[in-house]
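The values are calculated or read from the model by the stated rules, or taken from the named source; none is laboratory data. Note that this is a predicted model, so its numbers are computed, not measured. Glycine also receives a Cβ, built like all others from the backbone with ideal geometry; neighbour counts cover every protein chain displayed.
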Amino acid sequence: MTAAEQEVAEFLARLDAGFPDVTAYPAAEVRRMIADRRAPLTGLPAMAAVTDTVIDGPGGGLPLRIYRPRGAATPGPAVVFAHGGGFVFCDLDTHDELCRSMAEAVGATVVSVDYRLAPEHPAPAAHEDFLAAVAWAMGPGGTGHDIDPHAVLLAGDSAGGNLAATAALALRGRPGPAPRGQVLLYPVIDDDFTTESYRRFGTGHYNTEAAMRWYWDQYAPTAELRADPQVVPTRAATLAGAAPAAVFTAETDPVCSAADAYARRLADDGVPVHHHRFDGLFHGFLTIASLAATGPARERVWAAMRALLTGGAAD
C-alpha cells in the first residue's frame, strides 16, 4: 500500500467511525451535529469578490453566494453549483472552500445555491430552487454580475449532482441560452440499492446504504415522487438533448455504480460525456482539501469544466 493509499484508508476509517448515524436522529438534529463538526471558514482561496444575495425563489427568498475570481473575464463564464448533504443538510458554508477553489481554477464565477432542504421541503423543492438559480444566472440577474448567459455550467456534488442532472433534463428545448454543460460529482442519481457498489461498499465506507435510504425517504418519501424525472433522472424516457456532461465517481462509494451507468446511458442517448472514476476513493472526498489525493483529482475535474466551457475535449 502506498503512502497515499494508506492516508485514504486511515481517513476513511476515521470518517466511518466518527460520522453520526443519521438514521437515528430527526433531520434538525442531524443538521446541528453536522454543523458542530465544521471547521472555521478560512476565506481561501481569496476572491476578487464574494457576494451573498437573496433572489425570488419558488418558495420565497432563495439565498445565493457568488464567488468572482481574480482576473475573471467581463462578461465571463459561470458555474451554478448545488451542494451535497443528502438533500437534508449542508449549506453555503460547508462548500465554501470547494466553490472558491473551483472559481479560481476554472476561471469562472461560481453561484452557490442554498436550496430548500428536506424533509421540511420535500421533492421537487430543491430541484425547483436550483432551476430558479440557473434562470437568474442566465438572465438579467447574472448579467448584473458579469455572467455570460451563453457560458454557464450546471454542477453539484452528491445530492447536488442529482439537482444538476435533473436541471439539465428540465432545460432541454427551453427558449433562451442553453447550459454549456453539466458536471456531476459522485451524484446521487437514483434509488436503486441493489447495485454492485451498494453490495460491496454499503457499509464500512462512511456513506452507508442505510443513510442513503434515509436521505431518499426524507427527500422523496412516496413512489409517486420517485417516478418523477425531476426527482430521479433515470426515470426519464430519454436523456437525449441534455447538456454535455462530465461525470466523476468514486470507486468505494455506494452510489458509484448508478452514476457510472448514468454516464453510459447519457452517451448511449447521444449526449457528449467525459466520465472518470477515481479508484480507491470514497464519497465526498473532493471537499476534503487536506487529503493528498484530492488535489490531483480536483485538477482533473477543473480541466473537464474548462473544456466544457470552451467546447473542447475534457481529456
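Tallying residues that are small (Gly, Ala, Ser), in contact with a strand residue (DSSP E or B) (Cβ under 9 Å, 6 or more places away or on another chain), surrounded by fewer than 24 Cβ atoms within 10 Å (Cβ to Cβ) and part of a helix (DSSP H, G or I) within the range 112-140 yields 1.
When Val273, Val255 are checked against the criterion of being within 23 Å of Val152 (Cα to Cα) and in contact (Cβ under 8 Å) with a residue 24 or more places away in the chain, a single residue qualifies: Val273. Among residues of the range 143-168 being in a helix (DSSP H, G or I) and touching a Pro at 6+ places or on another chain (Cβ under 6 Å), the one that is surrounded by the most Cβ atoms within 10 Å (Cβ to Cβ) is Ala165. For the criterion of being modelled with pLDDT of 95 or more and among the acidic types (Asp, Glu), Asp56 passes. Checked against (1) part of a loop (DSSP other than H, G, I, E, B); (2) within 25 Å of Leu153 (Cβ to Cβ), Val183 meets all criteria but (1). Filtering the range 42-65 to residues that are surrounded by 12 or more Cβ atoms within 10 Å (Cβ to Cβ) and either in a loop (DSSP other than H, G, I, E, B) or touching an Asp or Glu at 6+ places or on another chain (Cβ under 8 Å) (or both) leaves Leu44, Pro45, Met47, Ala48, Gly57, Pro58, Gly59, Leu62, Pro63, Leu64, Arg65. For the range 89-107, the condition holds for at least one residue, the condition being that it is in a loop (DSSP other than H, G, I, E, B), more than 16 Å from the chain's Cα centre (by Cα) and of a type outside the set (Lys, Arg). Does Arg38 qualify as being under 28 Å from Ala108 (Cα atoms) and modelled with pLDDT under 95? So Arg38 fits the description; yes. Within the range 266-296, being of a type in the set (A, V, I, L, M, F, W, C), surrounded by 19 or more Cβ atoms within 10 Å (Cβ to Cβ) and outside any loop (DSSP other than H, G, I, E, B) holds for Leu266, Val273, Phe278, Phe285, Leu286. Taking the range 182-222 as the range and being at pLDDT 95 or above and at positive phi as the test, only Tyr186 passes.
Applying the set (1) in a loop (DSSP other than H, G, I, E, B); (2) in contact with a helix residue (DSSP H, G or I) (Cβ under 9 Å, 6 or more places away or on another chain) to Thr74 leaves exactly one unmet item: (2). Residues that are in contact (Cβ under 8 Å) with a residue 60 or more places away in the chain and either of a type in the set (A, V, I, L, M, F, W, C) or under 16 Å from Val152 (Cα atoms) (or both) within the range 48-69 comprise Ile55, Leu62, Leu64, Ile66, Arg68, listed in sequence order. Remark: Glu29 falls outside the filter, which requires a residue to be assigned to a helix (DSSP H, G or I) and surrounded by 15 or more Cβ atoms within 10 Å (Cβ to Cβ).
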